[in-house]
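Accompanying notes for the structure given below.
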Amino acid sequence: KAGVTQTPRYLIKTRGQQVTLSCSPISGHRSVSWYQQTPGQGLQFLFEYFSETQRNKGNFPGRFSGRQFSNSRSEMNVSTLELGDSALYLCASRNLLARPYEQYFGPGTRLTVT
Amino acid sequence: AQRVTQPEKLLSVFKGAPVELKCNYSYSGSPELFWYVQYSRQRLQLLLRHISRESIKGFTADLNKGETSFHLKKPFAQEEDSAMYYCALSPNTGNQFYFGTGTSLTVIP
């Protein structure tokens, strides 16, 4: 099976702009999670979607939003970008219909806000 | 509440020495525990899962329910083991996944 893919891989934006990141899960996986990874904070959970519904949410401001489509692909949007949003954004998918419930990660999107 | 704790942010060992990366968790019930590894410039990948009781790249991890620990061990560290290691927990209900803060392992030649 093809792995989790994320587009774009690299992105440079200016403060105040908005950005949309995309994630395609492993075929058959209906759960998609998003994480922010920074050297100082490590992995921070943003949210998880399952069958187009957000089922879990981390402690991020409302500027961070997401959605999932009927084909399980997911997008994450960040509005009014701040310098502190510069990070590697990781997407992970998993199969919640059978244990174990491990996650499989994409390569990430490196976002730089200037 | 902190679900997964990795007390060591940085760990350095010499090549050939044993290595142990600590992980403690707090969760009532029977969670699933995992170790993930991220090598330089590579994606985060699953190293091993407690439910499989496997040994991957010489690493093993035993779930100790009494001490709520899931430490990762390798008897002889290799330079290629240098990476970031994350301990993770998933409730057996499949609810939210929890990661520890990670341990950066450096194996000194």
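Residues considered: B:Leu63, B:Leu105. Of these, the only one that is hydrophobic (A, V, I, L, M, F, W, C), under 28 Å from A:Asn56 (Cα atoms) and surrounded by 16 or more Cβ atoms within 10 Å (Cβ to Cβ) is B:Leu63.
A quick yes/no check of all residues on (1) part of a strand (DSSP E or B); (2) modelled with pLDDT of 95 or more; (3) under 12 Å from the mean Cα position of the chain (by Cα):
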| residue | (1), (2), (3) |
| --- | --- |
| A:Leu11 | yes, yes, no |
| A:Arg15 | no, yes, no |
| A:Gln36 | yes, yes, yes |
| A:Tyr49 | yes, yes, yes |
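Quick one: in the stretch A:68-87, which of the residues that are over 16 Å from A:Tyr35 (Cα atoms) and hydrophobic (A, V, I, L, M, F, W, C) is farthest from the chain's Cα centre (by Cα)? Taking the candidates together, the pick is A:Leu83.
Rundown of residues vs (1) under 10 Å from the mean Cα position of the chain (by Cα); (2) touching a residue at least 40 places away in the same chain (Cβ under 8 Å); (3) surrounded by 13 or more Cβ atoms within 10 Å (Cβ to Cβ), yes/no style:
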site: A:Ala2; (1), (2), (3): no, no, no
site: A:Ser22; (1), (2), (3): yes, yes, yes
site: A:Gly28; (1), (2), (3): no, yes, no
site: A:Gln44; (1), (2), (3): no, no, yes
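Within the stretch B:88-109, the set of residues being in a strand (DSSP E or B) and closer than 19 Å to A:Glu48 by Cα comprises B:Ala88, B:Leu89, B:Ser90, B:Tyr98, B:Phe99. Residues in the stretch A:83-112 that are hydroxyl-bearing (Ser, Thr, Tyr) and in contact with a His (Cβ under 9 Å, 6 or more places away or on another chain) were compared, and the one that is nearest to B:Arg49 (Cα to Cα) is A:Tyr104. Looking only at the stretch B:49-97, count how many residues are within 20 Å of A:Phe105 (Cα to Cα) and touching a helix residue (DSSP H, G or I) at 6+ places or on another chain (Cβ under 8 Å). Counting residues in the stretch B:49-97 that are within 20 Å of A:Phe105 (Cα to Cα) and touching a helix residue (DSSP H, G or I) at 6+ places or on another chain (Cβ under 8 Å) gives 1. Against the definition (of a type in the set (Ser, Thr, Tyr), over 10 Å from the mean Cα position of the chain (by Cα) and closer than 22 Å to B:Tyr27 by Cα), how does B:Thr103 come out, yes or no? In short, no. Per the conditions (1) more than 12 Å from chain B (Cβ to nearest Cβ); (2) touching a residue at least 60 places away in the same chain (Cβ under 8 Å), the sole criterion not satisfied by A:Thr53 is (2). In the set B:Glu32, B:Glu67, B:Glu8, only one residue is touching a Lys or Arg at 6+ places or on another chain (Cβ under 8 Å) and over 19 Å from B:Leu105 (Cα atoms); that residue is B:Glu32.
Please specify each residue of the stretch B:1-57 satisfying the condition of being more than 21 Å from B:Phe76 (Cα to Cα), in contact (Cβ under 8 Å) with a residue 24 or more places away in the chain and among the charged types (D, E, K, R). Result: B:Arg3, B:Glu32.
The values are calculated or read from the model by the stated rules, or taken from the named source; none is laboratory data. Keep in mind it's a predicted model, so treat the numbers as computed, not measured. Note that we place each Cβ from the backbone using ideal geometry, even for glycine, and neighbour counts take in every protein chain shown.
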